[in-house]
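Colleague: Input: one structure, supplied below.
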Amino acid sequence: MEKGYLCPVLHAHLPFVRHPEEEDFLEEYWFFEAVSETYIPLIQIMDDLIRQGADFRLTMSLTPPLITMLGDPLLQSRYLKRLNKLLDLTEKELVRTRAQPEFFHLARMYREDFLKKREVFQGLGGNLLSAFKKFQELGKLEILASCATHGFLPLLNVNPSAVKAQIEVGIDCYEKVFGTRPRGFWLPECGYYPGLDEILKNSGVKYFLLESHGILNASPFPEYGIYAPVFCESGVAAFGRDDTASKQVWDAFTGYPGDFDYREFYRDIAYEQDYQYIKPYISGEVRVDSGIKYYRITGKNGDKQPYNPERAREKVAVHAGNFMFSREKQVESLSGAMDRKPVIIAAYDAELFGHWWFEGPLWLEFLMKKIYYDQQTIKLVTPSEYLTEYPTGQVCAPSASSWGEKGYNNVWLNGSNDWIYPHLHTSARRMEEMAGGFPHAEGVVRRALNQAARELLLAQSSDWAFIMHNGTQVEYAVRRLKEHVGRFNKLYQDIKQGKIDEPWLYWIEQKNTIFPHIDYRVYG
Amino acid sequence: MLTCCPRCSFYDTCELKWHRAERGEAQLCCDRCEWFDQCRVKETEEEIKELPAVNGDSRVALMVIDPFHVHAYWEITSQTWEKIKDELEGEFDQAKKVLRVYDIAYIVFDGANANSYFDIYVGDAANWYIDFPGPEKSICADFGLLTSQGKFYTLVRSNFVHTPRNGPSEKRE
């Protein structure tokens, strides 16, 4: 009989990037890469585990922008086109590396890998959502709902209706795709402030997850720390992320992904081969990752050795064993001091697995297999299952917090991005005003109001503020913010003046296909 | 504005265009052209990206950054400035722009009953990073003018915010 639980959580999200007006668009490659390197590999490991009969549990958020992109026929066909191009490149690589055995077998590995990815993708009719839905229906995967566009709620709550709309539109999207109401909710960036639980409760949410100090700084002091959920006054449960389990995986210096045997992310052939050779496989004139990388991290400095998949695989087994052992020890030391089995929440960005950490999905598979076959101290669990076993607990008020650098809101509010908030707050206020002023709009006015709600939501993506803070591809984030706010402003003026620019409205409706069923009255 | 271009199938024969030239007016694109909507959408998309500096209403807003910092921004319309100028008359020119930050813990704030307050002379800034004395504070702020006689005129009042706890709670069950 197990003494405690491990609850692995992956947060999968990308901003809504879809540019039908361009043949080839640089920022769409974010999506292509994540599909190839993270989402398909996660489906592959879950399928493998099921095939092998190794029972597992995984909890995952899929945000509405990502859900929309995964289900979008245009992006699906563009992804397939990209994958076919890369397959073409792997074929050329087999020729180019034929006299270099240390690279040739890697070229072959990539070719086989890409062929398998295509098989998975085509096997699902291009729609990966059906696989995630299937895993959820089998009881292996619990999918969390999230905000409509990854709005960072602690900075949007100047307008309470903006927070409510982010949550309700997000849940509505979930329900339409997965055919069921979500029990759990992923707060973007784990951003929380006291009172948010009430809004979640009103939307039927049973639990959410917080960064450790959101729970540890709760009041009264939580008796079991982050190893059991606390219950807000509203009755909604809050789970806290375990710091140790997190650091072992994502810490830039001490985490597993930095191991010298693992594949080096920054040595992609797209940047190393002649321009003429690589030209057909890049975006316009900009070199973009091909995913074909031949080196291992090797050491802290520049000189890199060829990647050795067998060695990496052995290391994955060691790291999976180490992680499991640490959790077993943790559970053993906790279990005597608690009136219930402890639960360890190990939450990460999904894109760390496979995209940044090439071996990540395999590590997850090894970990789950080891937990199933090799020990009896811990068992995998989803938050819902835990709450079924322990439906009550200590009542505490969690503290404002986020999982961003320094633990609060400064990543999304600082000198690089503070200029966006006057616009976001004004637009939200105007949206409320319009929802109040047009309680029963029909026809083109209704379309314009719904589009205004979409543009507002898209402007609120925390991604834009994050990119501005982070300093890479800032121009795109600024452009997107200005486009959405600008369109919102025009819609607002047009609606007020009763002069809707229909051809333009039609055009932006076609472009931003997210939330086809939105009802602007969510702001009412 | 969009001008007539050779993409239009009427370009060579369009009378409207010739008329306009004869009258010395610009040869503007019009909806006779099959490209009209597409070109105009493109143009509109360029125009909308110019965001206005002030969004229409006078207001000040607070946002929490962390237990020790709060951010404030304000927008004051020309109408609000005109109004206060009339009210203050001669004193207006000497008055200083001030952000008055109130501690409003455990009270129903009515503008005059704050536990304490401090003033920040903000000059011509439109936002401010407030180093606040500490966590677990409830605050509100007014943006206004402080006259040389020491009288404060509120132009706008902010939302209320609460800074988070900075460590474990001392309250135990």
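The values are calculated or read from the model by the stated rules, or taken from the named source; none is laboratory data. Bear in mind the structure is a predicted one, so any value in this text is a computation, not a measurement. Every residue, glycine as well, gets a Cβ built from its backbone with ideal geometry; the counts of neighbours run over all protein chains shown. Keep in mind that these areas ignore ligands, DNA and RNA; they rest on the heavy atoms of the full protein, side chains included. Shrake-Rupley method; radii C 1.70, N 1.55, O 1.52, S 1.80 Å.
Colleague: Could you list, in sequence order, the residues of region A:409-425 that are more than 7 Å from chain B (Cβ to nearest Cβ) and free of Cβ contacts under 8 Å to residues at least 40 places away in the same chain?
Modeller: Within region A:409-425, A:G415, A:W419 meet the criteria.
Colleague: Of the residues in region A:188-211, how many are within 13 Å of chain B (Cβ to nearest Cβ), under 23 Å from A:D349 (Cβ atoms), open to solvent by 10 Å² or more (accessible area, probe 1.4 Å) and of a type outside the set (F, W, Y)?
Modeller: Qualifying residue count, region A:188-211: 1.
Colleague: Here is a further query. Look through region A:395-408, keep the residues that are in contact with an Asp or Glu (Cβ under 6 Å, 6 or more places away or on another chain) and open to solvent by 10 Å² or more (accessible area, probe 1.4 Å), and return whichever of them is farthest from the other protein chains (Cβ to nearest Cβ).
Modeller: Residue satisfying both the conditions and the ranking: A:W403.
Colleague: What's the number of the only condition in (1) farther than 23 Å from A:V343 by Cα; (2) surrounded by fewer than 24 Cβ atoms within 10 Å (Cβ to Cβ); (3) of a type in the set (F, W, Y) that A:F152 fails to meet?
Modeller: Only one criterion is unmet by A:F152, namely (2).
Colleague: In this structure, does A:P182 turn out to be open to solvent by less than 10 Å² (accessible area, probe 1.4 Å) and modelled with pLDDT of 95 or more?
Modeller: Judged against the criteria, A:P182 is a match.
Colleague: Residue by residue through region B:46-70, note down the ones that are charged (D, E, K, R), in contact with a Gly (Cβ under 8 Å, 6 or more places away or on another chain) and buried (at least 18 other Cβ atoms within 10 Å of the Cβ).
Modeller: B:D66
Colleague: Only one of A:L129, A:L70, A:L124, A:L94 is open to solvent by less than 10 Å² (accessible area, probe 1.4 Å) and modelled with pLDDT of 95 or more; which?
Modeller: So the residue among A:L129, A:L70, A:L124, A:L94 that is open to solvent by less than 10 Å² (accessible area, probe 1.4 Å) and modelled with pLDDT of 95 or more is A:L70.
Colleague: Quick one: in region A:1-23, which of the residues that are over 18 Å from A:T513 (Cα atoms) and part of a loop (DSSP other than H, G, I, E, B) is modelled with the lowest pLDDT?
Modeller: Taking the candidates together, the pick is A:M1.
Colleague: Search region A:199-222 for residues being of a type in the set (A, V, I, L, M, F, W, C) and in a loop (DSSP other than H, G, I, E, B), and hand back the single one that is farthest from the chain's Cα centre (by Cα).
Modeller: The selected residue is A:F221.
Colleague: Would a scan of region A:455-473 turn up a residue that is β-branched (V, I, T), assigned to a helix (DSSP H, G or I) and touching a residue at least 24 places away in the same chain (Cβ under 8 Å)?
Modeller: The answer is no; no qualifying residue exists.
Colleague: Then there's this: Does B:V64 satisfy the condition of being among the aliphatic types (A, V, I, L, M) and outside the structural domain of B:T80 (by TED's automatic domain parsing)?
Modeller: no
Colleague: If you take the residues of region B:130-170 that are of a type in the set (D, E) and over 17 Å from B:Y117 (Cβ atoms), which of them is farthest from the chain's Cα centre (by Cα)?
Modeller: B:E170
Colleague: If you go through region B:80-87 one residue at a time, do you hit one that is surrounded by fewer than 16 Cβ atoms within 10 Å (Cβ to Cβ) and among the hydrophobic types (A, V, I, L, M, F, W, C)?
Modeller: yes
Colleague: Same structure again: Considering region A:155-214 alone, what residues qualify as being in contact with a Pro (Cβ under 8 Å, 6 or more places away or on another chain) and among the acidic types (D, E)?
Modeller: A:E175, A:D197
Colleague: Can I ask one more? Since B:N113 meets every condition but one in (1) more than 10 Å from chain A (Cβ to nearest Cβ); (2) assigned to a loop (DSSP other than H, G, I, E, B); (3) surrounded by 18 or more Cβ atoms within 10 Å (Cβ to Cβ), which condition does it not meet?
Modeller: (3)
Colleague: Testing A:Y506 on (1) away from every other protein chain (no Cβ under 14 Å); (2) more than 21 Å from B:E50 (Cβ to Cβ), one condition comes back false. Which one is that?
Modeller: Answer for A:Y506: the failing condition is (1).
Colleague: Select the helices (runs of 4 or more DSSP H) contained entirely in region A:47-161, then report the ones holding at least 2 residues which are within 28 Å of A:R454 (Cα to Cα) and in contact (Cβ under 8 Å) with a residue 24 or more places away in the chain.
Modeller: Correct list: A:64-70, A:73-96, A:129-137.
Colleague: Check A:K369 against each of (1) within 22 Å of A:D243 (Cβ to Cβ); (2) more than 20 Å from the chain's Cα centre (by Cα); (3) among the charged types (D, E, K, R) and name the one condition it does not meet.
Modeller: Of everything listed in (1) within 22 Å of A:D243 (Cβ to Cβ); (2) more than 20 Å from the chain's Cα centre (by Cα); (3) among the charged types (D, E, K, R), A:K369 misses just condition (1).
Colleague: Taking into account only those residues within region B:116-166 that are over 17 Å from B:E75 (Cα atoms), of a type outside the set (S, T, Y) and out of contact with any strand residue (DSSP E or B) (no Cβ under 8 Å at 6 or more places or on another chain), which is farthest from the other protein chains (Cβ to nearest Cβ)?
Modeller: Out of the qualifying residues, it is B:Q149.
Colleague: Continuing with the same structure: Cβ-Cβ under 7 Å, sequence separation 6+ or interchain: first residue in region B:47-66 and among the acidic types (D, E), partner part of a loop (DSSP other than H, G, I, E, B). Which pairs?
Modeller: Close Cβ pairs satisfying both conditions: B:D57/B:T77; B:D66/A:Y408; B:D66/A:N409; B:D66/A:N410.
Colleague: Among the residues of region A:315-355, how many are touching a helix residue (DSSP H, G or I) at 6+ places or on another chain (Cβ under 9 Å) and among the hydroxyl-bearing types (S, T, Y)?
Modeller: 2
Colleague: Please go through region A:484-502 and pick out each residue that is within 17 Å of A:A435 (Cβ to Cβ) and either within 11 Å of another protein chain (Cβ to nearest Cβ) or assigned to a helix (DSSP H, G or I) (or both).
Modeller: Result: A:F488, A:N489, A:L491, A:Y492, A:Q493, A:D494, A:I495, A:K496.
Colleague: Under 27 Å from A:G195 (Cβ atoms), more than 14 Å from every other protein chain (Cβ to nearest Cβ) and aromatic (F, W, Y), is that true of A:Y390?
Modeller: Yes; evaluated as a whole, the condition is true for this residue.
Colleague: Also: I need every pair where a residue in region B:76-103 that is small (G, A, S) has its Cβ under 7 Å from the Cβ of a residue that is surrounded by fewer than 17 Cβ atoms within 10 Å (Cβ to Cβ), sequence separation at least 6 or different chains.
Modeller: Cβ pairs passing all conditions: B:A95/B:L88; B:A95/B:T147.
Colleague: Continuing with the same structure: Among (1) assigned to a loop (DSSP other than H, G, I, E, B); (2) in contact with a Gly (Cβ under 7 Å, 6 or more places away or on another chain), which single condition is A:E189 missing?
Modeller: (1)
Colleague: Among the residues of region A:16-30, write down those that are open to solvent by 10 Å² or more (accessible area, probe 1.4 Å) and touching a residue at least 12 places away in the same chain (Cβ under 8 Å).
Modeller: Within region A:16-30, A:R18, A:P20, A:E21, A:D24, A:F25, A:L26, A:E27, A:Y29, A:W30 meet the criteria.
Colleague: Please determine, by comparing only the residues of region A:426-447 that are assigned to a helix (DSSP H, G or I) and without any contact (Cβ under 8 Å) to a residue 12 or more places away in the chain, which one is farthest from the other protein chains (Cβ to nearest Cβ).
Modeller: Here the residue is A:G443.
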